[in-house]
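Take a look at the structure set out below.
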Amino acid sequence: MTTDLQSIGFDAWFAERASPQVLGEQAPARVMAVDRSGYLVRGEHGESPAELSGKFRHAVESSPDLPCVGDWVGVERASPELAIIHQVLPRRSVLRRKRPGRAVEFQLLAANLDVALIVQSCHFDFNVRRLERYLVVAREGGIEPVVLLSKTDLVTADELDGLIGLIRAAGIQEPVLPFSNPTGAGLDRLQELLAPGRTSCLLGSSGVGKSTLVNRLLGRDALETREVSGTGEGVHTTSRRQLLLLENGAILIDTPGMRELGLLGAGDGLDESFADIQELAGRCRFGDCAHAQEPGCAVRAALESGELDEDRFQSYLKLRRESEFHDLSYVEKRKKDRELGRFYRSVLKGKEP
């Protein structure tokens, strides 16, 4: 079965940036799924498993250089059942976070996204501070965020209006689409947003209804779903990131629920997500104002007048401190890695006859 590359997102932007090899002896293909055992790619000749070429594997310096779901790659066919990946094409956008745990490095979640659909449940999962974190990550990656409020059938209309009011009171101006999987309410608005050829990604905690939503959009039970626990805490159902094609031609990436969403290299995303605070800071008397006790601080004045919400400001400070701390640690780590690499090369060079 042949595939029209444009239908899975290959447009003029990627064609202009593809190397001569990709448009010559290789062929462009999109990464549909990533497993520990390898990749699943889709190109003009359909879908097949894929693995990295030896040269590409040895040239990779860090995990973000490896293909992730949504990437466009240059492949050659080793056989009708296997493709060999030789390179990753430039990424138009990327969804990334700090790798969970103590490691200070990036983890890529998906690439080449147009829209990030951030799902929060109206029932147990709703949390404005967590929502702000997701918005920063999306904005940093150059992705348009949209907020989805699931499980509206479990709250009253007044309660739903109150939740949306909390989002707006926090200064979040992104579109908010409430919906219910059991009743189908709101799904028509979401389907209008999912346009042919555009790639969207579902983000959110476990148990907010992402997998059920995917099944509703696909019109079939393609993904396993499970009830949330008695405490309302989510249960993992999606185990891998995968790219799915909807009947209307839209492209959707489902992701496992995330308990950690650490920030690394998110300065621009913070500035954009908290543009109101940045605008106030620009009015401060001093350019290096810390917004503490300095005279002429527009931020402190806005806090005192109620123009700026104190919780939102504290959230901004917390996220900025986290990002700056991880950024500094990341720079130090890369410096040590480069020094270690130079040392290894000098040792190997000394052993050459």
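Between V73, V31, V69, the distinction of being at pLDDT 95 or above, touching a Cys at 6+ places or on another chain (Cβ under 7 Å) and not assigned by TED's automatic domain parsing to the domain that holds E247 belongs to V31 only.
Here's the yes/no breakdown for (1) farther than 27 Å from G249 by Cα; (2) in the same structural domain as D309 (by TED's automatic domain parsing); (3) crowded, with 22+ Cβ neighbours inside 10 Å:
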{"residue": "D114", "(1), (2), (3)": "no, no, no"}
{"residue": "V119", "(1), (2), (3)": "no, no, yes"}
{"residue": "F124", "(1), (2), (3)": "yes, no, no"}
{"residue": "R130", "(1), (2), (3)": "yes, no, no"}
{"residue": "L148", "(1), (2), (3)": "no, no, yes"}
{"residue": "A169", "(1), (2), (3)": "yes, no, no"}
{"residue": "L194", "(1), (2), (3)": "no, no, no"}
{"residue": "G204", "(1), (2), (3)": "no, no, yes"}
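Look at the stretch 151-165: where a residue is in the same structural domain as F179 (by TED's automatic domain parsing) and a partner is buried (at least 16 other Cβ atoms within 10 Å of the Cβ) and of a type in the set (F, W, Y), sitting 6+ places away or on another chain with Cβ atoms under 8 Å, you get T152/F179; L163/F126.
Among all positions in the stretch 55-62, there is no residue which is in contact with an Asp or Glu (Cβ under 6 Å, 6 or more places away or on another chain) and either under 24 Å from E105 (Cα atoms) or not assigned by TED's automatic domain parsing to the domain that holds Y330 (or both).
Evaluate the following for L217: is it in a loop (DSSP other than H, G, I, E, B) and either closer than 24 Å to R30 by Cβ or at pLDDT below 85 (or both)?
On the way: in a loop (DSSP other than H, G, I, E, B): no; either closer than 24 Å to R30 by Cβ or at pLDDT below 85 (or both): yes.
Against the criterion (in a loop (DSSP other than H, G, I, E, B) and either closer than 24 Å to R30 by Cβ or at pLDDT below 85 (or both)), L217 does not qualify.
When you check Y344 against the structure, is it in contact with a Phe, Trp or Tyr (Cβ under 9 Å, 6 or more places away or on another chain), at pLDDT below 85 and not assigned by TED's automatic domain parsing to the domain that holds R133, yes or no? Against the criterion (in contact with a Phe, Trp or Tyr (Cβ under 9 Å, 6 or more places away or on another chain), at pLDDT below 85 and not assigned by TED's automatic domain parsing to the domain that holds R133), Y344 does not qualify.
Scanning the stretch 286-306 for residues being at pLDDT below 90 and on the phi < 0 side of the Ramachandran plot gives a total of 9.
Per-residue answers, yes or no, for (1) surrounded by 20 or more Cβ atoms within 10 Å (Cβ to Cβ); (2) of a type in the set (G, A, S); (3) more than 16 Å from L245 (Cα to Cα):
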site	(1), (2), (3)
L5	no, no, no
W13	no, no, yes
E25	no, no, yes
V31	yes, no, no
Y39	yes, no, yes
R42	yes, no, no
G46	no, yes, no
E51	no, no, yes
K55	no, no, yes
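Applying the set (1) out of contact with any helix residue (DSSP H, G or I) (no Cβ under 7 Å at 6 or more places or on another chain); (2) farther than 22 Å from D65 by Cα; (3) not aromatic (F, W, Y) to P145 leaves exactly one unmet item: (1).
Among the candidates V137, V94, which residue alone is closer than 30 Å to F274 by Cα, of a type outside the set (F, W, Y) and buried (at least 24 other Cβ atoms within 10 Å of the Cβ)? Working first, answer last.
Values: V94 fails: buried (at least 24 other Cβ atoms within 10 Å of the Cβ).
Being closer than 30 Å to F274 by Cα, of a type outside the set (F, W, Y) and buried (at least 24 other Cβ atoms within 10 Å of the Cβ) holds for just one of V137, V94, which is V137.
Cβ separations smaller than 8 Å between residues 6+ apart or across chains give the following pairs from the stretch 116-139 residues that are free of Cβ contacts under 8 Å to residues at least 60 places away in the same chain to residues that are of a type outside the set (V, I, T) and buried (at least 23 other Cβ atoms within 10 Å of the Cβ): C122/L149; C122/S150; C122/K151; F126/Q120; F126/L149; N127/Q120; L131/Q120. Among the residues of the stretch 249-271, not one is hydroxyl-bearing (S, T, Y) and touching a Gly at 6+ places or on another chain (Cβ under 6 Å). List pairs: first residue in the stretch 282-297 and more than 18 Å from Y316 (Cα to Cα) and assigned by TED's automatic domain parsing to the domain that holds R320, second residue among the acidic types (D, E) and assigned to a loop (DSSP other than H, G, I, E, B) anywhere in the structure, Cβ distance under 6 angstrom, at least six positions apart or on different chains. That search, which allows pairs on different chains as well, returns F286/E294.
The values are calculated or read from the model by the stated rules, or taken from the named source; none is laboratory data. All values derive from a computational prediction rather than experimental measurement. Positions of Cβ are generated from backbone atoms using ideal geometry, with glycine treated the same way; all protein chains shown enter the neighbour counts.
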